[in-house]
Structure formats: C-alpha cells, structure tokens
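Derivation of every value follows stated rules applied to the coordinates shown; laboratory data play no part. These figures come from a predicted structure and were not determined experimentally. Ideal geometry is used to build each Cβ from the backbone, glycine not excepted, and the neighbour counts take in all protein chains shown.
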Amino acid sequence: GAEIFEKRKTVLGPSLFHYYQKPLNIVEGKMQYLYDEHGKRYLDCFGGIVTVSCGHCHPDIVNAVVEQTKLLQHTTTIYLHHAIVEFAEALTSKMPGNLKVAYFVNSGTEANELAMLMARLYSGNLSMVALRNAYHGGSAGTIGLTGLQTWKYPIPQGEIHHVMNPDPYRGTFGSDAAAYAKEVEEHITYGSSGRVAGFIAETFQGVGGAVELAPGYLKLAYDIVRKAGGVCIADEVQSGFGRTGSHYWGFQTQGVIPDIVTMAKGIGNGLPLGAVVTTPEIASVLSQKIQFNTFGGNPVCSAGGLAVLKVLDKEKRQAHCADVGAHLVERLKSLQEKHEIIGDVRGRGLMLGVELVTDRKEKTPAKAETIELFEKLKDLGVLVGKGGLHGNVFRIKPPMCFSKDDADFLVDAMDYAMSRL
Ligand code: PMP
C-alpha cells in the first residue's frame, strides 16, 4: 500500500484526493464487503461512491461481462449489435411518460453535458438553472452546473443561474417549497432574458451531503421553468434504480416527470456507463448534426447494464432498500437521541445522510469530529462516505444487497466511536 501511495504521488496528477490519513489499498470485493491487502474485511457503506448497486463482483454481472468480452468487445454503433438495443429497451421500459429514447455515454459528466446540449438546442435558449450545493460534473461545461465552490476551477462557467437550495435542514426557508420556487421565478425574471434553456437538479443531492429536496419543490420549479421555455432535467446519477426504496427514480418521490433524465454510477455496477433518456422530440434535436460516442453503448457495458437491471428486478432490490432503509433510519434516529453531535438524519431507502454538528441550535459543522469518527469507523471495519460543503455529513449509500445485520453493525460501530469521542 505505502509503495502504491508513493508512486501515485509522482505518476498521477496531484489533484487526486484520498480517504483516510493512511489510504486503504483495496484488493478484492464481494457483494457489500471489501478486503484490503492484509485480508481485513470492511463493510462497504459507500459502494465506490454509490456506484456498486447490485454488489461487488455480483456473479450475474461478472458473467454477462465475461461472456460478451469473449465473443465481441467493441465495434461502435456504426454496425448493429443486439446488446445496445436490448439494454435501451429494458432501460426505457423503466421510465414513465414519453421518456422513450436513450443515448449512451460513459459517465455522469458526459450524460449531463449531452442533456445540457439538448436543452439548449431544443429550447433555443442558453441560460441554465441549477441548485446551489449540487454536483453535476467537472468538465468544462458541467463545472458550471455544479454549485459547490470546492469543485470549481476559475474558468468561464457558462450561462448558469444557481438558485437557493431547498434544503430542509440548512436552507433559509426550511421546507417551504413555494418560497424556494419563487426564487427560481425571480432569477428568470431579473437575472436572465426571461427565457431559459433548462433546469437541472438531483432529487437527493449526493456530493452535497445527502440532501433530500423540500417536498413539492420540483413540481413548482418545473412549472416555472417550462413557462419560461425550458426543459427539466433530473440527474439520477446517484438516486436512481430503486435505491430510495419508495420509488425506482428519485424524481418520482416528488411526483414529477422530467423531460430529460441522466444516469451513471449504479447503472453499471462499476462499469464505465452513463445514459441520457428523453422524449423522441427532444432527442431529435441532435440529428441536425452528428452525435457520436466511441464507447457509448458498447457491447460489454450494454450486456453488463442489462444484467444490472435484471438483477435489481430478480432480487427485488427496491423493496429491499425500503425495508432495510426504514430499519436503518429508525436505528440512526435513536442514535441521534443518544448523541448530541448528530444534528440531522435524513434520506430514504439506502440513500441516507447523517449530519454532525457541535451545536444543534446553531448547526455548527462538527468538522474535526467528523474526521476523527470517520477514521475510527474505518478502524472498526466500516467504510462510509463523507460530504456536504463543510465535510460534516456521513453519506450512507451501500450496495443494495446491504442487510439489516449490516445496518446494525454500522450503527453499533457509530455508537461505539461516538461514545469515545
Ligand atoms: N451527477 C451526480 C449527481 C454525481 O454524483 C456525479 C459524480 N459524483 C456526476 C453527476 C458525475 O459523474 P461522473 O463522475 O461519472 O462523471
């Protein structure tokens, strides 16, 4: 491990960051468990940043990838192949409304780039509306959509309006969705030409610290944006595929149907895969020129992606996330009663956040304590994510095979570590 760490510092770019003072060298994974070079087992509560949906090295997905790789690895879409069509059919069948056409790409950033491009071409407008505290990518285009200064390099950010975050815990208007929506309207009225290209939001902010948007917000915001000529984009890179338990897609928890949906991470259980699903009308704006992606929808990733959808259905993972998530939230809420440091427990299913504060009334971020607990949890064999602007939120988004016993182990480890702070 130490040697890899040293080499990484010289042969890889210096902007890379790592978790833990002594970073872990993970060499093997099986379902919800990871193993380091010494054979120590860890309970993975973060799944490679919400990416491993079905479980590490899930046999059905490994098999689909291996079989396809042996037969044919790559040709691009200039030739026909059954896997991309079957995958697109299966994926769009999971969508409500007229969301029936897919474009495949290789990452969440690429998916959001394409969505923004379509929004601009379809609407004939340039302005995009995004939420503060959002993460949508780090490319030259999507960096503008991202609303967290920690990720923003000083380059032109495009024509983007960052509106107030409807964050029930820290937001200025609490859970008052109408007040936040009014601010969207005012941005459009005063800050742009009165017309916009589109609006993008994660229903459950991931990087921003597992923030579930105020109930009813998306419906109001979508109406305002559509009146101003814009299309509505749901970023489901983290919240899709049944993870929230109550619904297959995060946006469904707010009772809306977007015009464009972007996906990545969990869609491939670890394969580099992203998708944009939209209506035939919106999709057709790209046919005025050529839109081509060398690896987008390649046979191997398509076979793997199809296997993911099948596993999630076969193993009834959405219902499982609801069941285990409810148990975990209940246990975390009792932990909150015991430990003053837990300011907020939030989320749904296996898309949860635990925000740590030194003062519950002032909501002062418990930055140093979060780091200390984070290290202790690792020593106890539990890996969680860390996020939020102040880095004081534990993000709990494990592979969806996570069990109630795993949930108990996680909460017991937190209890043990917090008791010794
Ligand atoms: N959208 C969301 C909500 C994300 O969390 C991320 C990645 N953290 C992205 C987009 C970008 O995805 P990628 O890293 O695959 O480009």
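Points worth noting:
- In terms of other Cβ atoms within 10 Å, L218, L350 run from fewest to most in the order L218, L350.
- The overall shape of the chain is oblate: from the C-alpha gyration tensor, with semi-axes ordered a ≥ b ≥ c, the ratio a/c is 1.5 or greater and a/b is no larger than b/c.
- Here the calculated FRET efficiency for L24 and S419, from their Cβ-Cβ distance with R0 = 25 Å, stands at 0.55, rounded to the nearest 0.05.
- Listed by chain and number, the lysines whose C-alpha is less than 16 Å from the C-alpha of K404, apart from same-chain residues fewer than 8 away, are K316, K333.
- Derived scalar couplings between HN and Hα for the range 125-131 equal 10, 10, 5, 10, 10, 9, 8 Hz in order, rounded to whole Hz, by the Karplus curve 6.51 cos²θ - 1.76 cosθ + 1.60 (θ = phi - 60°), x for Gly and Pro.
- Gyration tensor verdict on the range 222-330 (Cα atoms; rounded if a/c is under 1.5, prolate if a/b is larger than b/c, oblate otherwise): oblate
- Average Cα contact separation per residue, the range 86-206, under 8 Å, 6 or more apart, as relative contact order %: 26
- Taking other residues whose beta carbon is less than 9 angstrom from the beta carbon of T278, and scoring Lys, Arg as +1 and Asp, Glu as -1, yields -1.
- Computed over neighbours whose Cβ is under 10 Å from that of A264, the net charge equals -2, Lys and Arg +1, Asp and Glu -1.
- Charge dipole of the chain (Cα centre as origin; +1 on each Lys and Arg Cβ, -1 on each Asp and Glu Cβ, all else neutral): 300 debye, rounded to the nearest 20.
- For the range 222-299, a simple Cβ point-charge model (Lys and Arg +1, Asp and Glu -1, everything else neutral) yields a dipole of about 80 debye relative to the Cα centre.
- Inter-label distance, nm, simple model (7 Å from Cα along the C-beta direction), Y79/A2: 5.1
- Of the DSSP H helices in the chain, those with a Cα length along their own long axis of 20 Å or more and a mean Kyte-Doolittle hydropathy reaching -1.0 comprise 108-123, 299-314, 317-338, 404-419.
- Extension gain for R41 to Y153 (0.36 nm times residue separation, less C-alpha to C-alpha distance): 36.6 nm.
- Counting charges near H56 (Lys, Arg +1; Asp, Glu -1) among other residues having Cβ under 10 Å from its Cβ returns a value of -1.
- What separates the Cα centres of the range 270-344 and the range 90-124 is a distance of 14 Å.
- Ascending count of other beta-carbon atoms within 10 Å, so fewest first, for L43, L72: L72, L43
- Exposure proxy for V324, V211, V11: other Cβ atoms within 10 Å of each Cβ, ordered fewest to most, give V11, V324, V211.
- When the C-alpha to C-alpha distance is required to be over 24 Å, the pairs from K100/K182; K30/K386; K22/K376; K338/K361; K9/K70 that qualify are K100/K182; K9/K70.
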